[in-house]
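Presented below is the structure to which this report refers.
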Amino acid sequence: MLFMVNRKFFAGASIKRLRRGAGMTQVALADALDISASYLNLIERNQRPLSARLMLLLADRFDFDPRQLVTDEPGGGLDGISKRLADSMFDDLSIDRTELDDWLAMAPNTVEAFVRIFDNQVRGQDASGLETLDSIQLVRSEIERWRNHFADLDAMAETLADELRLGTADLYGAITERLRVKHQLAVRILPETVMPDLLRRLDLHARQLQLSEMLDPASRTFQAAILLAEIEAQSEIEALIAGADLSDNAAKRLYHRHLSSYFAAALIMPYARFLKACEQTGYQIQLLQRRFGAGFEQVAHRLTTLQRVGARGLPFFMIRIDRSGLVSKRFAGASNASLAESQHRCPLWNIHRAFERPLEVQSQLVSLEDGSTWFTLSRAVQGLGSGAGGYAAEFVIGLGVSAELAAPLHDARGIDLSSANADLIGLGCPACTRPHCSQRSAPPKSRVLQFDGRERGFAPYNFVAD
């Protein structure tokens, strides 16, 4: 529900479908919601927004997940339209969120028409080879469509985890034993000299899962759990891939890898036990690592998936960046966070400083131009293997949750989470229109540069305000 805070939410078509599906008249539903029939009529015609109180009453009356209404808005609603308008073809237009709100409210069918034309154009460009939507982006879109929560995989992994716990508390031992007994596959740890460039190898001739000695205990468990996922959750994973309608074979393979990893994480951190531990510890990642024998990145990713209906965790987003600032992983989950979606990052966000303090979790309260405030956590992690020159891979994991929801976090204790105390940041210089920023490296694409031969400020660029 809290994803609707601070913005109008119009869902007339969805409410009408719910009402008609239940065989109710406007008068009957209005009585059930304790509002007038004329007011309900305005809501169904998108002339009045849906309040949080009415959303709760509807969710209780119809027993559905209220978040699903977001996908019923034209183009995914305000966030979906904003993502499309972030395309470079619209750089010269200054379209604010108020204007988008009004458009969605007053002309939802026109919005839907725009979405179809835009999406068809993108698909057509991809098919003609003029502009390629790469496989990673296709898979990302599918993951975000599910809000990175795959209920069937979670339920199956949780059942399997309970079954494995009956025999021993050592999950790695239980997984390797199951692979050996049920699937006739042994797990063998091999020296780095034998597998210099590989984390794992499945040797079906020898009936072995071969793991590199360079893997730490958490990573060994995770790699073994992935193989178990590929065997025992094969039909569920293949059904999800088939439902995604991915024509690109590379995208199918990438999606398969994500779903196998998802199952493995759910096996190591079973949903109910993990959520309970989160709530007990205040989502303290270091404790969660020890309790479940997982790595920092594994726990961070798992936090983005806790969206089971009736048992939701906090809606975190997660990104992973390298020293150049490039993102190699991003999961917005149920957060709808533009920080996770943006192609650029603000240098004032302390995610970049985490490289210099590799074992320390950096926290920061930040406020974006749209008025949203986020509590973020960042920590450096070391990747597996080495890059050019033999250097070990390094990344920073960034996590965030809306400041309105951050009070239960252990890392937020004692911090005033009001927006007045937040650091003002943007979504990277090309998208940021905050004036007078001396850290700015590029002007905003949506503004006209302004020059004054008599004055020069600290900021490298002056531009015409909106």
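Along the Cα→Cβ direction, 7 angstrom out, place labels at N120 and R323. What is the inter-label distance in nm?
4.9
Contour minus end-to-end for Q208 and A32, with contour as 0.36 nm per residue of separation and end-to-end as the Cα-Cα distance? If you can, show how the numbers build up before the last one.
Values: separation 176, 0.36 × 176 = 63.36 nm, distance 6.13 nm.
That works out to 57.2 nm of additional length.
Normalising by the residue count of the chain, find the relative contact order in percent from Cα pairs under 8 Å and 6+ residues apart. Could you put the intermediate results ahead of the total?
Working: 655 pairs, mean separation 48.0, N = 466.
Value for the chain: 10 percent.
Among 196-203, 318-325, how do they line up by average Cβ neighbours within 10 Å per residue, starting with the highest?
318-325, 196-203
Roll a 1.4 Å probe over the protein chains and send me the accessible area per residue for the chain in Å². Walk me through the intermediate numbers first.
Working: 23850 Å² over 466 residues.
Averaged over the residues of the chain, the accessible area is 51 Å².
Specify which residue in the list A393, L417, W374 is farthest towards the positive end of the charge dipole of region 367-433, using unit charges on the beta carbon of Lys, Arg (+1) and Asp, Glu (-1), about the Cα centre.
Farthest towards the positive pole: A393.
With each pseudo-label sitting 7 Å past Cα toward Cβ, what's the R312-V448 distance in nm, one decimal?
Going by the 7 Å Cα→Cβ label model, 4.4 nm.
Can you give me the distance in nm between label points at F355 and A107, each placed 7 Å from the Cα along the Cα-to-Cβ direction?
Going from the F355 label point to the A107 one covers 4.6 nm.
Provide the FRET efficiency to the nearest 0.05 for the Q382-L57 pair, computing r from the beta carbons and using R0 = 51 Å. Provide the component values of the computation, followed by the final result.
Values: r = 50 Å, r/R0 = 0.97.
The formula returns an efficiency of 0.55 here.
Using a Förster radius of 35 Å, what is the FRET efficiency between E99 and T25 based on their Cβ-Cβ separation? Nearest 0.05, please.
Numbers: r = 35 Å, r/R0 = 1.01.
According to the calculation, E is roughly 0.50.
Using R₀ = 41 Å, calculate the FRET efficiency as 1/(1 + (r/R₀)^6) where r is the Cβ-Cβ separation of E177 and Q343; round to 0.05. Walk me through the intermediate numbers first.
On the way: r = 46 Å, r/R0 = 1.11.
For E177 and Q343, the calculated efficiency is 0.35.
Using a 1.4 Å probe over the heavy atoms of the protein chains, calculate the carbon and sulfur portion of the accessible area of the chain as a whole percent. Could you put the intermediate results ahead of the total?
Details: 12240 of 23850 Å².
Carbon and sulfur together cover 51 percent of it.
State which entries of K16/K83; K182/K252; K83/K252; K329/K445; K16/K252 exceed 31 angstrom in Cα-Cα distance in the structure shown.
On the way: K16/K83 27 Å; K182/K252 28 Å; K83/K252 24 Å; K329/K445 25 Å; K16/K252 36 Å.
Among K16/K83; K182/K252; K83/K252; K329/K445; K16/K252, the Cα-Cα distance tops 31 Å for K16/K252.
Tell me, what is the percent relative contact order of region 182-274, built from C-alpha pairs under 8 Å that lie six or more residues apart? Mind dumping the intermediate values first?
Working: 82 pairs, mean separation 22.8, N = 93.
Once divided by the residue count of region 182-274, the mean separation gives 25 percent.
The values are calculated or read from the model by the stated rules, or taken from the named source; none is laboratory data. Note that the structure is a prediction, hence the values are computed from the model and not measured. With ideal geometry, Cβ positions are generated from the backbone for all residues, glycine too; neighbour counts draw on all protein chains shown. Ligands, DNA and RNA are excluded from the accessible area calculation, which covers all protein heavy atoms including side chains. Shrake-Rupley method; radii C 1.70, N 1.55, O 1.52, S 1.80 Å.
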